[in-house]
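Colleague: Below you'll find the structure I mean.
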Amino acid sequence: KREAHRSMTPRTPTTTTTKGKMKTAKHPNDEADLPEEDSKPPAKRPRRKAAIKSEKLIAGMAEEDDDVEKSPAKRPRRNKNKAALKSEEPAKDDTTDQVNNSKKRSSKERSAPIPVDAMVNVMEFLPPRSLYNIALTCKSLREMVTTKMVVQSALIHGGHAKKTMEELYNMMKNRSIHVPSPLRLLRLANGKRCEFCVNKSVNSLYNGLNIGAFSCWDCLAKGDDPLTKAWKTSWARYWRNPVYQKILNHPRVAFRDKSKGKFLWIQDRMDAHGEKFGPIVCWEDIDAMAECADGKNATAAAKAASSVAANHASVAANYVAGRLAEANALSNIEWIDRYLTDTLGAPPVEEYSEFIEAFADITDRARRIAREKENIKRDKRVKKQENRRATTDKFLADVTALIDEPFREKAVERSSSSYKTFVTPFVEDLMGPYLRAVSSIKKNTPTELSKEINTFLRSLDELLAMNFLSDDDAFESAAKAFFVESFPNMDAVFNARSYYSSNRLDSNFRGFMKENCFFKALCYLKEYDLSPMILATEPSASLAKASNYLNESSLKRVAQRAWKKHFDFLKTEESFDSAKNTRGFQETHNYFGQVLAKLDEYSTWLDAKREAAKSEEELRVWQNRSDRAMLQDVANGYDPRVFSYFMTHDFELMFKYQTDSSFRYEQMRLGFEQV
């Protein structure tokens, strides 16, 4: 862009002066020469004030001390403001430097290293993870870690480290594994993964493995290089030679007892630090121990004792005597201990004493500390519960005091259920989150909740007025009379229970009220069952006639079936359709009258059927049945298929359906339509 601009701008001719400088030539169209002062080159840009001040300051310092050789000035910083401020600062005197140096020296003197004895005392109280971290700091601190220190840290602080130490104690007490060093103990106490595959998560030593290593189940007996191998007790050499049983029962032989056999350590192993770990006796050492000189002598002595003792008449007695003689002959197991020490290089007994004594000394102390910790936790938990209860009670009292008096008691009525606090569901929905999380209660929370509860409950007055229902329409007038009788006051609304521990004032009812769907809200309170309206508007003559063969509950059940058949749309209908409701109400009345008429005809038919019964089979059918019971079964039966079958078939089939069970099951199998 710069080159293009130069090419488009016309150049002014220049001339060269005697001094070699470029001088701009005058344009031929100029009328007069410029003044002398205007012909001079333009003045230089004034220097920055900060630079001028800094130069003056440096010059003044140089004049005061000309004898001292000054170091070259540093390059000024890029930040202009900082450079200016720094240049304006007064020079520090020697006294200030002396004070600052004295402060530095005193701070260094105060940060003296902690003595070694003090570090040991500090390390004894550290948890296993912190002790492991401090052991990795340097070699001197790593050498301070002792077995007692690790055992004490693991047992006192508990967790997976304590479980690991308890499992190790069982193996160390039997002296069946190599003695772990303090650092290996510390690594075992902090172990999180299998030390062989480093993939699977292992929190502690598994109970019953008896290997003294962090191993997952896959590395233990699977893969190309398993850690253990089964020594099967079903082999003939095991049950024929009693020495094998004696060797495997020795306390210093570690194995995992399974149904397939005894899983033994396959071979000696060393960790990454060159330390031998794991059980002392391996799989191949069992045969080698039995075939050594002492093992053969023990086998010969056992067989000799068994043959001498087998002098009884019965085979069973000889077997028992032989086993007892073998056990007595093999009671001396010193040769096994000698083989473990001389041949397998087992650690001496004294090396196990440090771990065992440390575990025994610290166990009681660890239990006492664990009880103290548990008591402290329990006290904190109890105190927290008391504080929570006090906060909850105050919160409920504040909300209750702000609710209007007419419905205060019913709005905050407590529930007898263990999983709900209030009987009214919408109050439970509002206050439940605050009762479950007390920390979310703010200063203005009771005011906001009480305002919302009051606003909703005040809207129920418009609902109870029933002004949305007309007195001119037959259906609406009947519904209004029914609802006024069902909900004469606010308490009746709260007592509309869906089940024993809750009423119907839930989020659905609240949604209907917000949308001004008052009729649907009232239907929801009655669970969409307005069948008593049918009985209230039905002619008394037909009801009186039906009462001869139906009781009150059967009549209510018939009315419910008729209402459900024609008013099932109330649950899904969003808007209030007066014409549709009136038409459905008339159809329900007609259907109810048809049902009563058919029941009356069926009652007359049953009376004639009973009188015409003459054969033994027909009399046996009527022996345990009555007309009233059969009609009650049709109207009030728990199985709706009986009523459906009655309305769709003639009386002969209905009678057979009620009296012949095989015919009934056949009809049920055909799957007729249910009402």
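Colleague: Alpha carbon centre of the stretch 636-663 versus the stretch 178-252: separation in Å?
Modeller: 73 Å
Colleague: Round to a whole number: what % of the accessible area of the stretch 494-537 belongs to carbon and sulfur, probe 1.4 Å?
Modeller: Details: 850 of 1850 Å².
It is 46 percent, rounded to a whole number.
Colleague: Which FRET efficiency value, to the nearest 0.05, do you get for residue 417 and residue 249 by plugging their Cβ-Cβ distance into 1/(1 + (r/R0)^6) with R0 = 41 Å?
Modeller: Values: r = 59 Å, r/R0 = 1.45.
My answer for the efficiency is 0.10.
Colleague: How much of the pair distance distribution for the stretch 568-675 lies past 16 Å, counting alpha-carbon pairs only, in percent?
Modeller: Here the tail beyond 16 Å accounts for 66 percent of pairs.
Colleague: So, how do all the Cα-to-Cα distances of the stretch 488-530 break down into 10 Å bins, in percent, from 0 on up?
Modeller: For the stretch 488-530, the binned pair fractions read 29, 60, 11 percent.
Colleague: Please give the net charge around residue 419, taking every other residue with its beta carbon less than 12 angstrom from that of residue 419, where Lys and Arg add +1 and Asp and Glu add -1. Don't skip to the answer; put the middle values down first.
Modeller: Numbers: positive: 420, 436; negative: 428.
Summing Lys and Arg as +1 and Asp and Glu as -1 gives +1.
Colleague: Could you tell me which chymotrypsin sites (Phe, Trp or Tyr not before Pro) in the stretch 411-462 are loop residues by DSSP with no more than 16 other beta carbons within 10 angstrom of their beta carbon? Spell out each step's value before the answer.
Modeller: Details: sites: 419, 422, 426, 434, 456; in loops: 419.
Qualifying residues, ordered by number: 419.
Colleague: A follow-up question, please. Where in the stretch 128-144 does the amide nitrogen come within less than 13 Å of the point 7 Å from the Cα of residue 116, taken along Cα to Cβ?
Modeller: 139-144
Colleague: Could I ask something else about it? Starting from the amide H of residue 233, placed 1.01 Å from N in the peptide plane, find each other amide H under 5 Å away whose residue is 5 or more places distant or on another chain.
Modeller: Close amide H contacts, sequence-distant or interchain: 262.
Colleague: Measure off, as a whole percent, the carbon and sulfur share of the 1.4 Å-probe accessible area of the stretch 224-271, all protein chains present. Write out the running numbers ahead of the final one.
Modeller: Details: 1210 of 2650 Å².
Carbon-and-sulfur percentage of accessible area, whole number: 46.
Colleague: Counting C-alpha atoms alone, how compact is the stretch 408-499: give Rg to one decimal and Dmax as a whole number, in angstrom.
Modeller: Looking at the stretch 408-499, its Cα Rg and Dmax stand at 16.9, 56 Å.
Colleague: For the pair residue 615 and residue 515, how long in nm is the line joining their label points, each one 7 Å along Cα→Cβ?
Modeller: 6.1 nm
Colleague: Per the Kirkwood definition applied to all pairs of different Cα atoms, how many angstroms is the hydrodynamic radius of the stretch 512-586? Don't jump to the answer; show the numbers that get you there.
Modeller: Details: mean 1/r = 0.0733 Å⁻¹.
Result for the stretch 512-586 stands at 13.7 Å.
Colleague: Amide H neighbours of residue 193 under 5 Å, at least 5 residues apart or on other chains, H built in the peptide plane: list them.
Modeller: 202
Colleague: Pulled fully out, how much extra length does the chain show between residue 369 and residue 292, if you take 0.36 nm times their separation in residues and subtract their Cα-Cα distance? Show your work: numbers first, answer last.
Modeller: Numbers: separation 77, 0.36 × 77 = 27.72 nm, distance 5.07 nm.
Here the answer is 22.7 nm.
Colleague: While we're on this one: Please give me, ordered by residue number, the GluC sites (Glu not before Pro) of the stretch 519-576 that lie in loop per DSSP and have at most 10 other Cβ atoms within 10 Å.
Modeller: On the way: sites: 527, 552, 573, 574; in loops: 527, 573, 574.
Filter output for the stretch 519-576: 574.
Colleague: Could you list the square roots of 5 times each eigenvalue of the Cα gyration tensor of the stretch 385-436, that is, the equivalent ellipsoid semi-axes, sorted largest first and rounded to whole Å?
Modeller: Values: eigenvalues 63, 42, 17 Å².
Value: 18, 14, 9 Å, ordered largest first.
Colleague: Give me the number: length gained by fully extending residue 354 to residue 236, i.e. 0.36 nm times residue separation minus the C-alpha to C-alpha distance, one decimal in nm. Show your work: numbers first, answer last.
Modeller: Working: separation 118, 0.36 × 118 = 42.48 nm, distance 4.14 nm.
Extending this stretch completely gives an extra 38.3 nm.
Colleague: Calculate the length of the line joining the C-alpha centroid of the stretch 424-439 to that of the stretch 528-594, in whole Å.
Modeller: If you average the Cα positions of each part, the centres end up 40 Å apart.
Colleague: I would also like to ask the following. Can you give the FRET efficiency to the nearest 0.05 for residue 474 and residue 548, using r as the Cβ-Cβ distance and R₀ = 30 Å? Please report the intermediate quantities before stating the final value.
Modeller: Numbers: r = 28 Å, r/R0 = 0.94.
That gives a FRET efficiency of 0.60.
Colleague: Write out the chymotrypsin sites (Phe, Trp or Tyr not before Pro) in the stretch 191-253 meeting two conditions: DSSP loop, and at most 13 other Cβ atoms within 10 Å of their Cβ.
Modeller: Values: sites: 196, 206, 214, 217, 231, 235, 238, 239, 244; in loops: 196, 206, 214, 235.
Listed in order of number, the matching sites are 235.
Colleague: Continuing with this model, one more query. Could you state the orientation-averaged shadow area of the convex hull built on the Cα atoms of the stretch 169-310, in nm² to one decimal? All intermediate terms of the calculation are to be shown ahead of the outcome.
Modeller: Numbers: hull surface 39.9 nm².
About 10.0 nm², averaged over all directions.
Colleague: Given a 1.4 angstrom probe, what's the average accessible area per residue across the stretch 434-528, in square angstrom?
Modeller: Values: 4790 Å² over 95 residues.
Solvent-accessible surface per residue comes out at 50 Å².
Colleague: If you average 1/r across every pair of different Cα atoms in the stretch 435-594 and take the reciprocal, what Kirkwood value do you get, in Å? Don't skip to the answer; put the middle values down first.
Modeller: Numbers: mean 1/r = 0.0563 Å⁻¹.
It works out to 17.8 Å.
Colleague: Pop out the Kirkwood hydrodynamic radius of the stretch 469-561 from its pairwise C-alpha distances, inverse of mean 1/r, in Å to one decimal.
Modeller: Details: mean 1/r = 0.0674 Å⁻¹.
Computed over Cα pairs of the stretch 469-561, the Kirkwood hydrodynamic radius comes out at 14.8 Å.
Colleague: Sticking with this one: Using only alpha carbons, build the gyration tensor for the stretch 554-631 and give me the equivalent ellipsoid semi-axes, biggest first, whole Å. Spell out each step's value before the answer.
Modeller: Values: eigenvalues 315, 28, 10 Å².
Values for the stretch 554-631, descending: 40, 12, 7 Å.
Colleague: To continue, here is another question. Take the alpha carbon atoms of the stretch 461-512, find their radius of gyration, then divide it by 2.2 N^0.38 Å using N residues; give the quotient.
Modeller: Normalised by 2.2 N^0.38 Å, the Cα Rg of the stretch 461-512 equals 1.26.
The values are calculated or read from the model by the stated rules, or taken from the named source; none is laboratory data. Here the structure is a predicted model, which is why all the values come from computation and not from measurement. In this analysis, Cβ positions are derived from the backbone assuming ideal geometry, glycine residues included, and neighbour counts consider all displayed protein chains. Surface accessibility is based on the protein's heavy atoms, side chains included, excluding ligands, DNA and RNA. Shrake-Rupley method; radii C 1.70, N 1.55, O 1.52, S 1.80 Å.
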